[in-house]
1. Residues in the range 505-523: is at least one within 30 Å of THR393 (Cα to Cα) and among the β-branched types (Val, Ile, Thr)?
2. Go through the range 242-268 and report how many residues are part of a loop (DSSP other than H, G, I, E, B), buried (at least 20 other Cβ atoms within 10 Å of the Cβ) and not assigned by TED's automatic domain parsing to the domain that holds LYS39.
3. Being modelled with pLDDT under 85 and within 30 Å of ARG351 (Cβ to Cβ), is that true of even one residue in the range 407-418?
4. Search the range 272-291 for residues that are of a type in the set (Ser, Thr, Tyr) and pair each with any residue that is modelled with pLDDT of 90 or more when their beta-carbon atoms are under 7 Å apart and the residues are at least 6 apart or on different chains.
5. Applying the selection to the range 277-318, what residues are assigned to a helix (DSSP H, G or I), surrounded by 18 or more Cβ atoms within 10 Å (Cβ to Cβ) and touching a Lys or Arg at 6+ places or on another chain (Cβ under 7 Å)?
6. Within the range 177-204, can you find the residues that are modelled with pLDDT under 90 and either surrounded by fewer than 21 Cβ atoms within 10 Å (Cβ to Cβ) or part of a helix (DSSP H, G or I) (or both)?
7. So, of the residues in the range 528-558 that are among the hydrophobic types (A, V, I, L, M, F, W, C) and part of a strand (DSSP E or B), which turns out to be modelled with the lowest pLDDT?
8. Filter the range 358-387 for residues that are among the β-branched types (Val, Ile, Thr), over 18 Å from VAL466 (Cα atoms) and in contact with a strand residue (DSSP E or B) (Cβ under 7 Å, 6 or more places away or on another chain) and give the result.
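The values are calculated or read from the model by the stated rules, or taken from the named source; none is laboratory data. Just so we're clear, the structure is a prediction, and the values are computed from it rather than from any experiment. In this analysis, Cβ positions are derived from the backbone assuming ideal geometry, glycine residues included, and neighbour counts consider all displayed protein chains.
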Amino acid sequence: MKLTNIELFRNKTTVTSVLQNLLEDKPESTACILIYPDKPDETYSVRQLLKRATDFAGSFESVSSDSKQLVCICLYHGLDLIAAFIGSFLAGHIPTMIAPPSPRMEREKYVLSFERMIECLRPACVVTGRDVITNLDELELGGVFTGKVIYNHEVPKRAKESDLKKFATEANPEDIVLLQHSSGTTGLQKGVALSHRAVLNQVFTYAVALSLRADDVIVSWLPLYHDMGLIACFLLPLLCGVPFVQMSPFDWVLRPVMLLEAIDRYKGTLSFLPNFAYEFLRSSVRASQMESLSLSSLRGLINCSEPVSNRTHTHFLEKFQSAGIRPDQLWACYAMAENVFAVTQSPVGIRATVDRIKRESFTNNHLSLPSEPDQKETNIFEFVSCGRPIKGTEIRIMGNDDRIYPERTIGEICIRGNSLFDGYYSRDDLTQSAFTSNGWYKTGDLGYIADGNLFITGRKKSLIIVQGRNFYSADIEAIVSEIKGVIAGRVVALGMWDERLGTESITILAETDNITPQLRGKIELEIRQRVAQELDCTVGEMHFVPPRWLIKSTSGKISHSDNKRKFLKEIVNRKSRKNA
């Protein structure tokens, strides 16, 4: 089937000009469908969406006499969330999404992150709503921001058809069109500045990599304040004339089957998920909820943004094959905000390739040598291919000295290309340190290339080196999460320096719920045995913590740095004071 809407922006140089063409060519086509748990779904055409965006563009006239001011959008799920974002760059300003307060988020942490964000970004305007402000007032944030505040309920619906062209500001392709934030903790210290050129290069090349079709429907629960939700599930389909179906991430967490029901109801063909979401769906969706579900309309579920687990894919397939999930729907992608979104994509229409490598060579020598066919499971690692680079993007594996490594040697993943960001917003120091001397961006991720395919092994910061042998936190956490009594996905493995041994040792923090001391002992023994058996390493300290003790980022990932600080403050220091 012909790629959809590609001809509308192949020769266009700005996001706003693409939207203008889309409005002229397909004004009544469906742009988006918004899903709510307590009211009917809402469907909006391209014209309706851009008309509401133009309402917001008009409200920004009073923000500043100068164009290119930063506009922070802090709203909950709804039409105004996406309309305010579009309206910002229609008016010539730079929009950025920030996470609204969540009942699952630690209040003190949100206060600190909000203040840090305002201090770093210094926006000219914040767009928010009454429901957000209520939460902000409760968090005593009323005096933090002194710029202009626009409340979405006060933006009148008065745009006329003639106004839609008025605000289609024709910018320079190299101008910054939006700011997104690299994934991590809520602090959002690193704003990623993206030009019109970079965004359009990404959208065009990634649409080709996905073989995006006129009949595609993208369904998502992902928050728009992270690149996976913002780019893959909002801007990509919008600019390509493909409908997107969205629900609130807060609603999805409370009722995960919403995503699957939406795929069934709207015949969704593509959905993007981080690895943890597959596990969450598998453990949360009940068999009775699956009885009437059909997921056969899916072309692909794209696993991206973190190391992809073949074990996760296999378990997910086993759970949902009765609902129509097939192996050929399980794809993988390597993505990051600094490259707008996608860096690589596995081939569409087939299950992502799995590389089985020798555990010993990986652990001791940082080499990914293929395993023998008859090698025991305990002596191998499995890594899922994220595919090859999308057109216009290059990848190299490098060492600390910027030396390029050969295939199957594990090192830092470095990229360059025509979708790469222009730098961290107002952080020249971070921008300079993020690149090699010859212009390669250092991602901070570790991986290797085999037969042209990229395999992610982990983050540099989550690498634990025990007596010269390399272990990844994610591998340890995956093993511990499968043990009965431990809350799945609520585990963190840390490397803690041991002066006595002169090396790092492995410390595990695991959430448990209402277990007896006897059961705790049994769980600890099983953890030590399983980690020793599967990874051939010894666990040092182990601490069981109550539910929701561990800190996760707004994208649902375990934050190793935050949990290490919390562990030192609340457990190690408290223990030291007690023994003093």
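1. Residues of the range 505-523 that are within 30 Å of THR393 (Cα to Cα), as a first pass: none.
No, every residue in the range 505-523 fails to be within 30 Å of THR393 (Cα to Cα) and among the β-branched types (Val, Ile, Thr).
2. 1
3. Of all residues in the range 407-418, those modelled with pLDDT under 85 come to none.
Scanning the range 407-418, I find no residue that is modelled with pLDDT under 85 and within 30 Å of ARG351 (Cβ to Cβ), so the answer is no.
4. Filtered contacts from the range 272-291: TYR278/ASN303; TYR278/PHE316; SER284/PRO256.
5. Within the range 277-318, just PHE316 meets the criteria.
6. Restricting attention to the range 177-204, the residues satisfying the condition of being modelled with pLDDT under 90 are 181-191.
Result: SER182, GLY184, THR185, GLY187, GLN189, LYS190.
7. Step one: list which residues in the range 528-558 are among the hydrophobic types (A, V, I, L, M, F, W, C), which gives 531-532, 535, 537, 539, 542, 544-545, 549-551, 558.
Cutting the leftovers down to part of a strand (DSSP E or B) gives us 539, 542, 544-545, 558.
Numbers: VAL539: 92, MET542: 91, PHE544: 92, VAL545: 92, ILE558: 78.
Among those that are among the hydrophobic types (A, V, I, L, M, F, W, C) and part of a strand (DSSP E or B), it is ILE558.
8. To start, the set of residues in the range 358-387 that are among the β-branched types (Val, Ile, Thr) comprises 363, 378, 380, 384.
Next, from what is left, pick out any that are over 18 Å from VAL466 (Cα atoms): 378, 380, 384.
ILE380, VAL384 - these are the residues of the range 358-387 that are among the β-branched types (Val, Ile, Thr), over 18 Å from VAL466 (Cα atoms) and in contact with a strand residue (DSSP E or B) (Cβ under 7 Å, 6 or more places away or on another chain).
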